[in-house]
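One structure is given here, and the rest of the page talks about it.
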Amino acid sequence: VSGANFRADLYNKSRFDDIQLSLDSGPQFTIGKGTIRPAALYERRWFGKHAFSNGIGGDVDATVPLTSRAQLALSVNSVRQTIDLNSDEDGWRTAAGADLLQQFGATLARFSLRYGRLDATARPESLRQYGTGFLLAHQSRAVTVFGELDYTRTHGILPQFRVGKTRRDQRWDLTGAVILNEAKLVG
């Protein structure tokens, strides 16, 4: 099984554009009612029209059904990243996540836990990250409505050279949308 992911955050000033591409490929196995998929992973990122970073590593995803309406999805990946203009930030980036999904009729709920770490060449650039999230989505024939709330806490290992302080920040993300499943143009 192979996959490609593309993400672009584009701005009216292209020097802030952030474009990311990742490719992965590996076998998928069925074990009992669950699946497991190990894969090789390649990443490339451009920032402000310039090459920013690349990485190579691996990923393992597993899905385990808990009931006919609930499942647990687990993921772990590790990537050796190379930052083109700052070798101090080169290093191993590791992430782990768990999602519990529950179906309630036409409504889906997802609770997520995340952990990430960067072990950079320069220890002050290393960091740890913890996060959680909750998504609720309802689908009808005409529309799908969803809302998601995420929280992430990031902290550095040592004070950074440039600012003399250890990084400590928190981030809240609130996302919501209405997707029209059936749209017709009348002329």
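The values are calculated or read from the model by the stated rules, or taken from the named source; none is laboratory data. Since this is a predicted model, take the numbers as computed values, not measurements. Cβ: placed from backbone, ideal geometry, glycine included. Neighbour counts: every protein chain shown. Please note that ligands, DNA and RNA were not included when accessible areas were found on the heavy atoms of the full protein model with its side chains. Shrake-Rupley method; radii C 1.70, N 1.55, O 1.52, S 1.80 Å.
Summary of computed values
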{"quantity": "Subset of segment 132-180 that is touching a Leu at 6+ places or on another chain (Cβ under 9 Å) and of a type in the set (D, E, K, R) - its residue that is surrounded by the fewest Cβ atoms within 10 Å (Cβ to Cβ)", "calculated": "Asp173"}
{"quantity": "Residue check for Ser75: small (Gly, Ala, Ser) and open to solvent by 60 Å² or more (accessible area, probe 1.4 Å)", "calculated": "no"}
{"quantity": "So Thr107, is it open to solvent by 30 Å² or more (accessible area, probe 1.4 Å), at negative phi and out of contact with any Ser or Thr (no Cβ under 7 Å at 6 or more places or on another chain)", "calculated": "yes"}
{"quantity": "Set Tyr42, Tyr11: member being open to solvent by 50 Å² or more (accessible area, probe 1.4 Å), out of contact with any Phe, Trp or Tyr (no Cβ under 7 Å at 6 or more places or on another chain), in a loop (DSSP other than H, G, I, E, B) and not small (Gly, Ala, Ser)", "calculated": "Tyr11"}
{"quantity": "Output for segment 24-33, where each listed residue is exposed (fewer than 15 other Cβ atoms within 10 Å of the Cβ) and either at pLDDT below 95 or in a strand (DSSP E or B) (or both)", "calculated": "Ser25, Phe29, Thr30, Ile31, Gly32, Lys33"}
{"quantity": "Residues of segment 174-187 that turn out to be closer than 20 Å to Glu148 by Cα and touching a residue at least 40 places away in the same chain (Cβ under 8 Å), as a count", "calculated": "1"}
